[in-house]
1. Using a basic spin-label model with each label point 7 Å from the Cα along Cα→Cβ, how many nm lie between residue 392 and residue 286?
2. What accessible area per residue comes out for the chain, rounded to a whole number of Å², with a 1.4 Å probe?
3. Carbon-plus-sulfur fraction of the accessible area of the chain, 1.4 Å probe, in percent?
4. Read phi for every residue in region 275-291 and hand back ³J(HN,Hα) as whole Hz from Karplus 6.51 cos²θ - 1.76 cosθ + 1.60, θ = phi - 60°, with x for Gly and Pro.
5. Report the full-extension gain for the segment residue 278 to residue 306: residue separation times 0.36 nm, less the Cα-Cα distance, to one decimal in nm.
6. What value, in deg cm²/dmol to 500, does the helix sum -39500 (n - 2.57) over DSSP H runs of n ≥ 4 give at 222 nm once divided by the residues of the chain?
7. Given the chain, what percent of its DSSP beta bridges are antiparallel, to the nearest 5?
8. Under 5 Å between amide hydrogens, which residues at least 5 positions from residue 116 or on another chain qualify, with H placed 1.01 Å from N in the peptide plane?
Amino acid sequence: MNELSQLLELPEAEKAKRGLVHTPAEIAHQPDTWGKTFELFLSERENIQKFLSDAGMTGAGPSEVIVYLVGAGTSDYTGRAISCLLRKRWQCEVIAVPSTDLLTQMEQMILPGRKYLWISFSRSGDSSEGVAVLEKARERYPDIYHIVISSNPNGRMLKDSAGDSKTLGICMIDEANDRGLAMTSSFSNMVIFGQCMSHIKNIDGYEPVLRKLVAAGKSLLPRAADCAVSVAKQGYTKACFVGSGTLREVARESALKLLEMTAGKTLTMTESALGLRHGPMAALDNQSLFVCFLSGDKGVQGYERDLLREIGAKKIARRRIVVGGGELTADSYAEDYLSPAGVTGIADEYRAPVDVIFGQLLGLFSSIQWKLMPDSPSPDGVITRVIEKVHIYS
């Protein structure tokens with residue numbers, strides 16, 4: 001029995017006592033939920049196609065519509081993780097813009113006379129900034145079309161969207177409405193839904209990819225759990241995550257999970273493989289943890305392997321871990337290699353739901369190692385599941 005399974009088998013009273021009621025199960029059930037999210041997309045596909053057409057996304061060649069992917073924190077990383085795929089498949093400009101930036105800088109981010117479609121992601125649908133951004137946009141820029149994707153059917157972002165002809169609200173499956181503090185299955189399922197949207201004109205082409213992702217997730221879970229436990233026991237106070245392209249967003253989300261679930265006891269940073277040398281590498285030392293989400297693209301992978309080799313030569317990491325999307329051959333570049341079976345041929349732009357599992361598990365087991373409660377790891381209430389009400393300035 002792997003380390004994650006042992007947590008899932010604990011008596012309910014023990015789970016409650018240790019703050020393990022939700023988070024382990026929410027991480028573990030992810031591969032089983034992705035097919036349900038696919039079915040949800042199929043049920044909404046016609047509505048989405050009509051709405052995109054109304055918004056000016058006709059699907060006949062490149063579109064002049066500018067698509068903003070809007071969210072905060074993990075919801076922002078959701079948009080970032082699908083932006084390249086949407087840009088390529090929809091043939092239009094797609095930009096991930098944090099809702100926190102839109103709230104304060106909206107006028108600078110809207111070009112007069114241009115068509116916009118905003119796709120907003122939110123687990124709770126109740127964050128002050130998310131609600132305020134939509135209200136402000138509807139009031140000042142009524143021509144913008146909005147798709148709101150949330151895991152909470154009772155959140156204001158979905159409720160306020162009802163009856164608005166220029167807003168399409170979509171509620172995710174209940175299993176994606178994480179009850180723990182950290183977003184885990186909500187992140188991976190919203191990414192899956194976004195990948196489905198990118199294939200809206202040819203959803204049959206995505207189904208084989210999804211099947212591989214499900215199999216890969218199930219393959220990775222037990223080995224990633226055991227590796228995460230081993231790493232957590234070493235008590236790292238500093239960790240660096242790197243990735244290139246879409247995998248940089250996996251690095252961002254993994255860094256956030258470790259930071260959140262250890263209540264900042266493990267300080268994290270993230271960079272691209274090439275960007276790390278331009279200053280940020282100064283933060284590493286021989287007690288640091290270094291995690292690289294290795295690209296499946298051989299050209300990109302060369303840069304990443306060079307970085308791993310350099311970090312080893314300079315002795316600025318105690319442990320290097322490689323998470324890859326294909327079959328990897330162990331070499332002297334890292335101490336640990338994690339690669340799910342059967343994902344050969346899956347492009348980096350689809351890997352986020354699978355690869356992020358290691359970051360989530362590292363956060364979970366590090367939280368336990370620091371004697372925190374993973375479901376609510378911030379003992380002083382510094383961070384909460386839903387951001388506390390923020391005063392909105394006009």
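The values are calculated or read from the model by the stated rules, or taken from the named source; none is laboratory data. Keep in mind it's a predicted model, so treat the numbers as computed, not measured. Glycine also receives a Cβ, built like all others from the backbone with ideal geometry; neighbour counts cover every protein chain displayed. Keep in mind that these areas ignore ligands, DNA and RNA; they rest on the heavy atoms of the full protein, side chains included. Shrake-Rupley method; radii C 1.70, N 1.55, O 1.52, S 1.80 Å.
1. About 5.4 nm, to one decimal.
2. That works out to 41 Å² for each residue.
3. 51
4. Using θ = phi - 60°, the values come out as x, 4, 5, 8, x, x, 4, 4, 7, 8, 8, 6, 10, 8, 9, 10, 10 Hz.
5. 8.6 nm
6. -14500 deg cm²/dmol
7. 0
8. HN-HN under 5 Å from residue 116: 66, 145.
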